[in-house]
Amino acid sequence: MDVVDLIMDDHREVERLFDELKNQPHKRPLLTPVLCSLLVAHSRAEEAEVYPVAKSDADETDEVEHSQQEHAEAEQLLVELAKTDTESAEYEKVLGKVIDSVTHHVKEEESKLLPGMRSRLDAPRRAQLGEAFVTSRAKHLGDMPGHATREELLQQARNAGISGASSMNRDQLAKALQS
């Protein structure tokens, strides 16, 4: 259960869902909530379990801060996608933005952050982190975008390197993460 492999497996599943959403419009009403839920659960697990370790133990501070910003951007797009009529032209446009944003994030994560973790964390640590990632992801399956708790937003702010986050309320954290 190497955390790097688990994260990459999720990336491949998201790419498969993107392909179905693009090429099989009749499946959109069913698959849009699946995509949103999977991406939120994946992001929350990375934010809670993986990113703090990547910052502290794998010396990936800059990559984590950048990745956290990309998570915030993708989540905002997912909120928009979830609200958009799956049969509208607007859906195509928003889906394209989600695909572009997430694909960009995946490429960067797989070329920078994950190789750094693989080289700087030993196999037992990656396995331990993999178990924590799977547990956290399972806890968040079914969560929809835009509904992070204050504690989740606070963790995201820490990952993003936002100073003074501990004194912010939920709305202030959400706003700071979007800027």
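The values are calculated or read from the model by the stated rules, or taken from the named source; none is laboratory data. On a predicted model such as this, the values are computed, not experimentally measured, just so you know. Cβ coordinates were reconstructed from backbone atoms using ideal geometry, including for glycine residues, and neighbour counts include every protein chain displayed. All accessible areas refer to the heavy atoms of the entire protein, side chains included, with ligands and DNA or RNA removed. Shrake-Rupley method; radii C 1.70, N 1.55, O 1.52, S 1.80 Å.
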Using a 1.4 angstrom probe on heavy atoms only, work out the carbon and sulfur share of the accessible area of the stretch 45-142 in %. 48 percent
Given labels modelled 7 Å from the Cα in the Cβ direction, how far is it in nm from Arg170 to Ser88? 2.6 nm
Expressed as a whole-number percentage, the relative contact order of the chain with C-alpha contacts under 8 angstrom and at least six residues apart is 38 percent
So what is the accessible area of the stretch 76-145 per residue, in Å², with the probe set to 1.4 Å? 53 Å²
Label-point separation (nm) for Asp5 and Val134, each offset 7 Å from Cα along Cα-to-Cβ? 1.0 nm
Hey, got the dipole for the stretch 31-102? About the Cα centre, +1 on K and R Cβ, -1 on D and E Cβ, debye to the nearest 20? 340 debye
With everything on Cα atoms, drop me the angle between helix 123-140 and the longest principal axis of the chain, reported from 0 to 90° to the nearest 10. 40 degrees
Identify the residues of the stretch 42-79 with backbone N under 18 Å of a label point that sits 7 angstrom from the Cα of Glu151 along the Cα-to-Cβ direction, or state none. 42-53
Note down the accessible area of Lys22, probe 1.4 Å, to the nearest 10 Å². 110 Å²
With θ taken as phi - 60° and the coefficients 6.51, -1.76 and 1.60, list the Karplus ³J(HN,Hα) couplings across the stretch 100-115 in order, rounded to whole Hz; mark glycine and proline as x. 4, 5, 5, 4, 4, 4, 4, 4, 5, 4, 6, 9, 10, 5, 5, x
Taking a ≥ b ≥ c as the square roots of the Cα gyration tensor eigenvalues, with a/c under 1.5 meaning rounded and otherwise prolate when a/b beats b/c, else oblate, which class fits the stretch 29-89? prolate
Rounded to the nearest 10, the angle in degrees between the Cα long axis of helix 3-23 and the longest principal axis of the Cα atoms of the chain comes to 10 degrees
Rel. contact order, % - alpha carbon contacts under 8 angstrom, at least six apart, the stretch 62-165: 43 percent
Quick one: Karplus J couplings for the stretch 65-70, per residue in order, coefficients 6.51, -1.76, 1.60, θ = phi - 60°, nearest Hz, x for Gly and Pro? 4, 5, 4, 5, 4, 5
Given the protein chains as shown and a 1.4 Å probe, how many square angstrom of Leu6 are accessible, to the nearest 10? 30 Å²
